[in-house]
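The values are calculated or read from the model by the stated rules, or taken from the named source; none is laboratory data. Keep in mind that this is a model prediction, so the values were computed, not measured. So basically every Cβ, Gly included, is an ideal-geometry build from the backbone, and we count neighbours across all protein chains shown.
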Amino acid sequence: MLRNNSSLPIASGTTCWVLSDGKAGDELQALSVSEALGLEPEIRRVRPRAPFSWFMPWGPIDPRERPGARNSPLVPPFPDLLIGSGRRAVPYLRFVKRASGGRTYTVFLKDPRIGPNAADFIWSPSYDRLRGPNVLNTLTPPHRVSAERLEAARAKPDPRLAGLPHPRVAVLVGGDSRHHRFTEGDIARLTEHLATLAGTGAGLMITASRRTPPALRDALIALASRHGGFFWDGSGENPFVALLALADAVVATADSFNMIGEAAATGVPILVFEPTGGHPKLTVFLDEMKSLGVVHPFAGRLEGEAYPPLNSTPRIARAIAEGLGRHRRALGLPDAALSLENS
């Protein structure tokens, strides 16, 4: 289904599925793209069982999830557009492509690990090696922090944040992951830097994640209480976009590419705290962001200047819309894309 507020070249009546194994990060990226396209997708979640899951993305789908099977995530009619993410989604995209007779235009977000033939269109971050004529590489990932949402949040400030002093600093805290770990030393160092910043009069607006270690979460709550800052405890509306919209600067932990990418849509300096661990791809990503003047190391002080907001989502969405239009014209189907000159 299509919402009426899309300015991209997608025709009304375009159907879309978002397909993943339910991982929040993968599903959110796919939903971000479908939203930027002006689509209201059906969410389809696959749950392949062993041994089929062991061989994904290279192997076949779990036959117990084929169309016609009980509770199958692939119940037809197949969509015009299928957006998938996560390695377990790859065989299902390829299955739908064949089962639809090639009619469904398939999109995969991130490196599918089996090469560019995994889907009709692939978005992959520039720090990955995947390249190809159907591959779009951008530095930042797709997300839902649009310029329109930021502007709306600034026009009607969240009352929980509006009274905080300037400079207001959004503090985006992740947690332990496959490549990072917040040690006792990391927790002490981060909270000390934040306390130093709050001591200068900055208004801290803090949000944590489900991965945030309890010790770090408790330390952040105590910090906000001591310095008159804000800590989102999960009650009320999620203030994530409001935090970014009202921020004069952002502090973000380096365990999440997505979090830093979302913050870059604001155009304000991002101060990055790196916990124990790391990954070569993260180093490449941060180095490029530093070269653009977007991110700076966090050492308890504000630094950096404003820059043009960095948001790759509209570019990704437009490339998909154009590809879908070409695909449908090549098949002799009703044109799903309006002319770009009139969009």
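Key figures for this structure:
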read-out	value
Condition met for GLY175 (assigned to a loop (DSSP other than H, G, I, E, B) and not acidic (Asp, Glu))	yes
Selection status of LEU286, surrounded by 18 or more Cβ atoms within 10 Å (Cβ to Cβ), of a type outside the set (Gly, Ala, Ser) and either closer than 30 Å to THR15 by Cα or in contact with a Gly (Cβ under 8 Å, 6 or more places away or on another chain) (or both)	no
Verdict on LEU197 being closer than 14 Å to GLY174 by Cβ and over 24 Å from the mean Cα position of the chain (by Cα)	no
Some residue of the stretch 8-17 being at pLDDT 95 or above and crowded, with 21+ Cβ neighbours inside 10 Å	yes
Number of the exception - GLY234 against (1) free of Cβ contacts under 8 Å to residues at least 24 places away in the same chain; (2) at positive phi; (3) touching a strand residue (DSSP E or B) at 6+ places or on another chain (Cβ under 7 Å)	(3)
Residue satisfying all of: in the stretch 128-151; outside any loop (DSSP other than H, G, I, E, B) and in contact (Cβ under 8 Å) with a residue 60 or more places away in the chain; surrounded by the fewest Cβ atoms within 10 Å (Cβ to Cβ) among these	GLU151
Residues of the stretch 96-127 classified as part of a loop (DSSP other than H, G, I, E, B), of a type in the set (Gly, Ala, Ser) and under 17 Å from GLU288 (Cβ atoms), total	1
Within the stretch 39-70, considering residues that are acidic (Asp, Glu), modelled with pLDDT of 95 or more and outside any strand (DSSP E or B), the one surrounded by the fewest Cβ atoms within 10 Å (Cβ to Cβ)	GLU65
Positions within the stretch 38-81 being out of contact with any Lys or Arg (no Cβ under 8 Å at 6 or more places or on another chain), under 20 Å from ILE316 (Cα atoms) and in contact (Cβ under 8 Å) with a residue 40 or more places away in the chain, in sequence order	PRO41, PRO79, LEU81
